[in-house]
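Worksheet for the structure shown next.
The values are calculated or read from the model by the stated rules, or taken from the named source; none is laboratory data. Just so it is clear, the structure is predicted and the values come from calculations on it, not from any experiment. Positions of Cβ are backbone-derived with ideal geometry, glycine not excepted, and every protein chain shown enters the neighbour counts. Protein only, heavy atoms only, side chains kept; ligands, DNA and RNA dropped before computing areas. Shrake-Rupley method; radii C 1.70, N 1.55, O 1.52, S 1.80 Å.
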Amino acid sequence: MTQRSSKFRDIIKSDYRYRIDINPLNALFESSQLLYKSAEFSQVQDRVNDIIDRELNEDFVIGGHIDFNYLLEKIKTQEGFLDAANRVFDVKLVSLFIDLRNFTKRAMFIEDPGFENISEIAVIKQKAISTWIKLARFYQGHIHSITGDGLMILFGGTQVEDQDEWTVGARAFLLALRILESTNILNDELKEILKAKGLGDYLKDNNLLEIKVGIEYSPNTLMNPQGVIVTKPEGNIPVGEIKATSFEVDFSAKLLGYYGEAKRKIEGSPMYGRILLLGEKYKELMNFNDETDIIYLNKYTKQMFNKELSSSIYYLDCSDYKDKIIKIEDVVGLCDVYDSSEAAKSVFVDIARKDTKIQHGN
């Protein structure tokens, strides 16, 4: 397999968060059994929480994309939503779709047998979504939308950290692992709630939480404003948001429909937090190596205009990677990627100079 060039080390060098040696999920859950306590851990934990707090207090928005939200402000008439001058074409983005599985089913049973009430279900959902938002911002993802029982998160844009495509994909991969790991932590809390109610007999798979995660890469995304013009005394005001429009962005949500099929392929082992669903363009972007067991699952096939097209769906059993891969450099080990960063060039120049001195007897 041909290696892919990436300047990942430049991104790592430019931002401390990508050099941190602890899992940011652990920093958010102090009571987690994953944690070990030490002065060094507490110090790094504080740094993680400081990063997240800063991300949530500086230009943080939910909806759209912070780098392109200015497009909505340009709209002055209803026709302005259709003007190509108010759109940005060919944006490269990785989209990550997350969903809490079977939450509609949980709400269905609040009356009978009535073990849970709607407020308790809302609390569980809020705990999950707020955790994911914090993790997404740690990895500098953008919360494109809250989608009922989940989130759509976009990686990529115009910032320094978005200039290397492979690294954008690696950040999304790290977030996906953290999301899957949160399944166990959230289920541990749910088990304690059920036990406190005397419902220990119901600590079975179909009564606990499952989280579905799908990732796809969109090389030609249209960032376009959608909404309406509202007339106010001060003038016409656009009300709406910036949407990421492409097949691949929508497809990251479609991937979740294949979760059950992937789950059946690894039935017989503990299932929670294991399955990561991948689109074919994301697989190509990351250039996973042969040791990383990316498994073909199915094809998404549709017909239109007398033409049939399809897109491949893959999955990765993440049981061997969770709680282990915590930095971009660790993701490099799963992929055929070489370092073409300026930082790497400096190292090679230093080595060459040392070799030259040795050869000349200096």
Which of F251, F103, F138 ends up with the largest GNM mean-square fluctuation for the chain, with Cα atoms connected below 10 Å? F103
Which one of E161, E216, E58 has the biggest mean-square fluctuation once the chain is modelled by GNM with Cα springs under 10 Å? E58
If we count every other residue with Cβ under 13 angstrom of Q3's Cβ, Lys/Arg +1 and Asp/Glu -1, where does the sum land? -2
Could you sort 171-179, 236-244 so that the peptide with the highest average Cβ count within 10 Å comes first and the rest follow in order? 171-179, 236-244
Ordering of 75-82, 149-156 by burial proxy (mean other Cβ atoms within 10 Å per residue, highest first): 149-156, 75-82
Please give the solvent-accessible surface of E55 in Å², to the nearest 10, using a probe radius of 1.4 Å with every protein chain present. 20 Å²
Calculate for the chain the 222 nm mean residue ellipticity that helices alone would give, adding -39,500 (n - 2.57) per DSSP H run of length 4 or more and normalising by residue count, nearest 500 deg cm²/dmol. -12000 deg cm²/dmol
Please report the spacing between the Cα centers of segment 117-144 and segment 172-199 in Å, no decimals. 12 Å
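Just to confirm a number: summing +1 for Lys and Arg and -1 for Asp and Glu over residues other than Q140 whose beta-carbon lies under 10 angstrom from that of Q140, what do you get? Numbers along the way, then the final one.
On the way: positive: R17, R137, R171; negative: D15, E55, E161, D162.
Net of charged neighbours comes to -1.
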Within straight-line cross-link reach of K232, aspartates and glutamates at Cα separation under 16 Å, skipping those fewer than 8 residues along the same chain: E73
Carbon and sulfur atoms: what percent of the 1.4 Å accessible area of the chain do they account for? 49 percent
Among the listed pairs K74/K281; K74/K212; K204/K322; K197/K324, give every one whose C-alpha distance is greater than 25 Å. K74/K281; K74/K212; K197/K324
Say we join alpha carbon atoms closer than 10 Å with springs in a Gaussian network model of the chain; which of N117, N86, N306 then has the biggest fluctuation? N306
